[in-house]
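Heads up, the thing below is written out as structure tokens.
Nothing in this text is a laboratory measurement; each read-out follows from the coordinates by a stated rule. Predicted model, so just to flag it, every value in this text is computed and none were measured. Here the Cβ is made from the backbone with ideal geometry for all residues, glycine too, and neighbour counts use every protein chain on show.
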Amino acid sequence: MLEKIKATANFIKERIKANPETGIILGTGLGGLVKEIEIIDSIPYSEIPNFPVSTVDGHAGRLIYGKLGEKEVLAMQGRFHFYEGYSMTEVTFPVRVMKFVGVKTLFVSNATGGLNPDFKVGDIMVINDHINFFPEHPLRGNNIEELGPRFPDMSKCYDKRLRNKAKLIALEHNFDLKEGVYVGVSGPTFETPAEYKMFRILGADVVGMSTVPEVIVARHMELNVFGISIITDSGVPGEIVEISHEEVQQVAMKAEPKMTLIMKELIKSI
Ligand code: HPA
């Protein structure tokens, strides 16, 4: 596995001839950020050795190397979800590769159902902690000491400095930015009302089907992490309505300018 990670990282490094320190997973809501990147190279996942290939609508699969302001970035356009059938090793493989390319800080975004009654559909939330509710742990199995320790600390997953900066950016631009806990679930079903209620009782503010595996693996390797969620639908009792993937995408697109702004300003500032 370590050989595969290194081989893939070497392929990317030889191709882009650079060591970008900023990694981005362009999840739902961050499509707009691509337009802000001055693209230097773009590699379809199908051309990257050992990379899985993404399948879901709205998640094109390519790795983008470019500049966002003055910062060199390596951005994944399209991520691998557990619900698609990928193993946890596959879901998290690109994050491990990023580390070996030279990435030090990882930025992730996602779409979520809101559980906190103070949150509205269309709001965005900085993730300050998570609950891992996936049925399989991404670090299960032999530990690769070169990546990180057997029992990694998870007390500071989401970089506090970056969170504070994001709040300042939102304040400066006069928009509301929530903060809270993301619970990661396997999907692909959206939650039943009883499940939304359970996740709220367990301490989560939003629920989504990604991010937690990638963040765990990133923290195992001591990458700094910043995560941001769009609330695309409500899981609050009395507010739950039928939803579809298309509606999730539509709400996410509306929140895109705010997400893009925060990410752009934040990445510039590091
Ligand atoms: N639940 C889980 N994942 C989601 C949701 C949701 O309500 N909305 C967007 N992704």
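What to note about this one:
- Anchor Lys4: aspartates and glutamates whose Cα lies under 16 Å away (excluding residues fewer than 8 positions away in-chain): Glu14, Glu47, Glu90, Glu145, Glu146
- Counting only DSSP H runs of at least 4 residues, each contributing -39500 (n - 2.57), and dividing by the residue count of the chain, the helix-based mean residue ellipticity at 222 nm comes to -10500 deg cm²/dmol.
- C-alpha long axis of helix 2-16 to longest principal axis of the chain, angle in °: 80
- Rounded to whole numbers, the Karplus 3J(HN,Hα) couplings from phi for segment 138-155 are x, 9, 5, x, 3, 7, 9, 4, 5, 8, x, x, 4, 10, x, 5, 10, 7 Hz, using 6.51 cos²θ - 1.76 cosθ + 1.60 with θ = phi - 60°, and x at Gly and Pro.
- Stretchable slack from Gln250 to Leu2, in nm (0.36 nm times residue separation minus alpha-carbon distance): 85.4 nm
- Cross-link pairs Lys99/Lys197; Lys197/Lys268; Lys35/Lys160; Lys120/Lys268 - those with Cα-Cα distance over 32 Å: Lys99/Lys197; Lys197/Lys268
- What the Cβ-Cβ distance of Arg150 and Glu239 gives, at R0 = 45 Å and to the nearest 0.05, is a FRET efficiency of 0.60.
- Under-5 Å amide H pairs with Glu72, H placed in peptide plane, nonlocal only: Glu21
- Karplus 3J(HN,Hα) series, Hz, for segment 251-264 with 6.51 cos²θ - 1.76 cosθ + 1.60 (x for Gly, Pro): 4, 4, 5, 5, 7, 3, x, 5, 4, 4, 4, 4, 4, 4
- Among beta bridges from DSSP that stay inside the chain, the antiparallel ones total about 40%.
- Put a dot 7 Å past the Cα of Ser186, heading toward its Cβ, do the same for Ile131, and the two dots end up 1.8 nm apart.
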